[in-house]
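The structure that follows is given in the form of structure tokens.
Every number here is computed from the coordinates shown, using simple stated rules; none is lab data. Predicted, not measured: the structure shown is a model, and the values here were computed from it. Reconstructed Cβ throughout: ideal geometry from the backbone, glycine too, with neighbour counts over all protein chains shown.
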Amino acid sequence: MATVVFADLVGSTGLFERLGDETAGHFVRELMAALATTFERYRGRVVKLLGDGLLVVFPDEADAISACVAIQRHLREHPVRAGGHEPVQLQMGVEAGEVVEIGGECYGDAVNSAARLADLAGGDQILTTHTVRDALPPAHSAQLRSLGAMYLRGKSEAIEVFGVAWQDEADMDATVMGVSLFKETTGAWLELTAGRQTMRLQPRGEKLTLGRSLAASLTFKDARVSRVHAIVEWRGGHFVLSDTSSFGSWVYFGGQPEPLVLRRTECYLVGQGEIALGCERGPQGAPLVHFAVRG
């Protein structure tokens, strides 16, 4: 058994476009070397450099989470900028399980899941699963907040995903996700609102589509939105959002400031919140869909 961490640099493509290959390459190599040193301080072993990220293996779940939190806090307190632009951000995925190492490569379900979790994570986020949570001591498991059940690419069943609440000042309202996640949402309907458009999805109702296409249930005239950007449906007793876009969907549950990022993946919609299509919500005026499970 081992604990695997994938740590990826957010927006590395844009970094190389802005700075050029040589300058950006030098910056990324130095950053990865610094991250590797921190991981090693927590007994992590860097197995592979991924160009704009790292694959690290730990003997212990608590050490893996501690290392990820230490790095995220350091980057928050001591921002690292490339060429005077926005501070760099990391997205991290952590999973535990059997790992086989052959010729410097790691294989196994835990490796695949950690990579998928890193893909799902937004900037500054650390995502993990119940496997890691159940193995953590109470002081560490108390940092985890359920983000609901979702399908990781390549998995046939939904698994419960957790975010690590490492930001002390963040509003980690525990009202969200997870309350009745694995119970059927009976007697309720889903309401979606975008501008003056409002749609309602009943249990066992027809799928709704979000996109730029005029045939979509909710339409958006925005280049960041794909023709069929996302699909919302009733499946297995829950309302499920599936991202099918080129740029992804950012899901904000309740009052939580950190989004769940979907890139060709799915999540349950519970409670209420917002879905930003094609980019994060913020000053850039993201196309937004407000959702609420009512009834």
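Please work out the Cα convex hull volume for the chain and give it in Å³ per residue.
Numbers: hull volume 41.1 nm³, N = 295.
Once divided by residue count, the hull of the chain is 139 Å³.
In addition: Fully extended, how many nm does the chain gain between His78 and Ser12 (0.36 nm per residue separation, minus their Cα-Cα distance)? Could the numbers behind the result be given before it?
Values: separation 66, 0.36 × 66 = 23.76 nm, distance 1.93 nm.
Additional length available on full extension: 21.8 nm.
Taking Cα atoms of the range 1-76, Rg/Rh with Kirkwood Rh, to two decimals?
Working: Rg = 13.0 Å, Rh = 12.9 Å.
My calculation of the ratio gives 1.01.
For the chain, what does -39500 (n - 2.57) per DSSP helix run (n ≥ 4), summed and divided by total residues, give at 222 nm, in deg cm²/dmol to the nearest 500? If you can, show how the numbers build up before the last one.
Numbers: 6 runs with 68 residues, N = 295.
That calculation yields -7000 deg cm²/dmol at 222 nm.
While we're on this one: With each label point set 7 Å from Cα along the Cα-Cβ vector, what nm distance links Arg235 and Glu98?
Distance between the two pseudo-spin positions: 2.8 nm.
Could you identify which residue out of His78, His130, His140 has the top mean-square fluctuation in a GNM of the chain using Cα springs shorter than 10 Å?
Per the Cα network of the chain with a 10 Å cutoff, His78 tops the list.
Between Glu160, Glu206, Glu22, where does the largest GNM mean-square fluctuation fall for the chain, given springs only between Cα atoms within less than 10 Å?
Looking only at Glu160, Glu206, Glu22, the largest GNM fluctuation is found for Glu22.
Apply the Kirkwood formula to the range 189-294: the hydrodynamic radius equals the inverse of the mean of 1/r over all pairs of different alpha-carbon atoms; give it in Å with one decimal. Spell out each step's value before the answer.
Values: mean 1/r = 0.0746 Å⁻¹.
Kirkwood radius, the range 189-294: 13.4 Å.
Relative to the present Cα-Cα distance, how much length would full extension add between Gln167 and Met1 at 0.36 nm per residue of separation?
Values: separation 166, 0.36 × 166 = 59.76 nm, distance 2.90 nm.
So the chain would gain 56.9 nm between Gln167 and Met1.
Could you give me D for the range 2-164, from Stokes-Einstein at 25 °C and 0.890 mPa s, where the hydrodynamic radius is the Kirkwood radius over C-alpha pairs? Units µm² s⁻¹, please.
153
At 0.36 nm per residue, and after removing the present C-alpha to C-alpha distance, how many nm does the segment from Ser246 to Thr38 gain when stretched out fully?
Here the answer is 71.5 nm.
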